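So the structure is just underneath, and the comments pick up after that.
The values are calculated or read from the model by the stated rules, or taken from the named source; none is laboratory data. These numbers come from a predicted model, not from an experiment. Using ideal geometry, Cβ is built from the backbone for each residue, glycine included, and neighbour counts are taken over all protein chains shown.
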Amino acid sequence: MFHLKVAAGTFDNHAGAAYIYSMTDKYILDFGLLRRSILLEPILTIAMGLFLLVSGCSENSSGPVNTPPIIESIEWDPAAVHPGSDVVLKVIANDPDGDSVRFRWTTYPKAGLFSDTLSDLCTLTVTPVLEGGMFLKVTLYASDSLNYNDTSIWIPLIEGETVSGHTYYANTEIPLPGVVVTIGKLIDTSSFRGAYEIKHISPGLRTITMVKDGCGDHTADLTVDSHMVYDIYADCPGLTRTVSGRITSFDDFGLQNVQLTVLNDDRTPTILSGVSDNMGNFTIEGVPPGKRTLTLEDLGNPVYHILSDTILITIVNDTNLQLRGRVKQDLFVSEGIDHPENWILQDIDYWKRWLVDSAGQCFLYNSCEVHGYGLLTMANPVSVPADAEAVTLAIDADLEDASLVIGYIVDGKSVFTQDVAMGTGEYNIVETVDISKVNPLGHELAIELYGLYNHSDVCASICLRRFELAFYK
């Protein structure tokens, strides 16, 4: 506790009447005294003279002199405070004449709020908009109704700790704006992006609360330390919505075991999801309103393979969706060395044929055995439906210091090549055919696989275990 001892201030005792002035002499600080008008000054002077003559008083007469109150000290606790926190003020004062003493506390406008401005013991709540490193001036006036004294103290303000973070809808990282977050008497409201920051917190165990219409209240105890980050996940049944519906194939067959997941704004998955039943029906609870992105993922349909996909929806109220999943249908499949007739296994000009490996597991390109670059071409093209929505290829292969290049042949003409793998390792590749460069829709499509060595003095090899060409619709 800080203790300040001050000397008595000056006062004005003129013509038997007391005046108490504030910062300028234009305004009289009223402690219950009567103000006198300048217009009455002459009348009061004449009346006082007549009174002295009638009463027999002269200028040698004397009467009791009023002594103003004495402010011995002002104490405050704690000695230094954080903006937004409380400081307890106490004055020790007396009046030599035994008069009753009245007090009044003041500070800068909007700098703080006193629990009782007229008490000798009160609490001052410092506004949180001030900053550490400042000093807050507090002035005390003491009056006995005739004279007054005043003194001021300067309370140091210190920096506190900061707690910041975001407010999100439960089970997501989708921002929840407009949340009122409170720690003690300090408060902030989360922004459009859900961000909040509360400064000037005394370190130690503190309670944080959040309030927002439509959401359940949130309360937690925090041990506040340097630059603490605390994210709040709010359950808001009054704000979130239910998304339900049905997902079917192009032939209106209900698609089972399709997982639909709501994405965060950064397109990472939330834990809000639903899985379709054997009729294709699904439900997702607790979805935040607004523009939302959903992903569709095949968890293992007994009949169809469904293409992973994303959809964009706008949610205002509870929403029912009718979705169509894109179902995969095979165009060409090569597994191991089954059906070698599906490939052209012969030299073509300076391109060397691929071989069957000795273990009978894959079609093999080996630069040291064929002495050059290798070429593996589909024996017959496949017809791609004009209404297909996507064409994909899948490759499972092992490479040893080699490069694998794909060539696309549309209606008998080579139109595009694409590097798909290079180096050494096991590769599992799934590619969607770039329709902007290769447009196979409604056309015949064949694939060529080129095996290339990276170094002429090293044997390069490619072991193709599986190749698949498919479309979705």
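Observations
- Screening the range 346-368 for residues that are free of Cβ contacts under 8 Å to residues at least 24 places away in the same chain and of a type in the set (Asp, Glu) and picking the one that is surrounded by the fewest Cβ atoms within 10 Å (Cβ to Cβ) gives Asp349.
- Conditions (1) crowded, with 17+ Cβ neighbours inside 10 Å; (2) touching a residue at least 60 places away in the same chain (Cβ under 8 Å); (3) within 18 Å of Leu331 (Cα to Cα): number failed by Val433: (2)
- Test: residue in the range 359-374 that is under 18 Å from Phe467 (Cβ atoms), under 42 Å from the mean Cα position of the chain (by Cα), at pLDDT below 95 and not small (Gly, Ala, Ser): no
- Contact map, the range 89-111: first residue more than 22 Å from Ser145 (Cβ to Cβ), second residue β-branched (Val, Ile, Thr) and part of a loop (DSSP other than H, G, I, E, B), Cβ cut-off under 7 Å, separation 6 or more or different chains; pairs are Lys110/Thr127; Ala111/Thr127.
- When His218 is tested against (1) under 19 Å from the mean Cα position of the chain (by Cα); (2) within 28 Å of Val88 (Cα to Cα), exactly one condition is not met: (2).
- Inside the range 76-110, residues that are part of a loop (DSSP other than H, G, I, E, B), crowded, with 17+ Cβ neighbours inside 10 Å, on the phi < 0 side of the Ramachandran plot and under 36 Å from the mean Cα position of the chain (by Cα) make up a count of 3.
- Only strands (runs of 3 or more DSSP E) whose full extent lies in the range 391-473 are considered here, and the ones with at least 2 residues that are under 47 Å from the mean Cα position of the chain (by Cα) and in the same structural domain as Ser358 (by TED's automatic domain parsing) are 413-432, 461-472.
- Residue check for Ser145: more than 17 Å from the chain's Cα centre (by Cα), polar (S, T, N, Q), not in a strand (DSSP E or B) and not assigned by TED's automatic domain parsing to the domain that holds Val101: no
- Qualifying position, being at pLDDT below 95 and touching a His at 6+ places or on another chain (Cβ under 9 Å), among His227, His200, His218: His200
- Residue tally, condition surrounded by 19 or more Cβ atoms within 10 Å (Cβ to Cβ), within 15 Å of Ala446 (Cα to Cα) and out of contact with any Asp or Glu (no Cβ under 8 Å at 6 or more places or on another chain), over the range 369-394: 1
- Extreme residue, farthest from Asn147 (Cα to Cα), among residues of the range 112-128 that are of a type outside the set (A, V, I, L, M, F, W, C) and in a strand (DSSP E or B): Thr125
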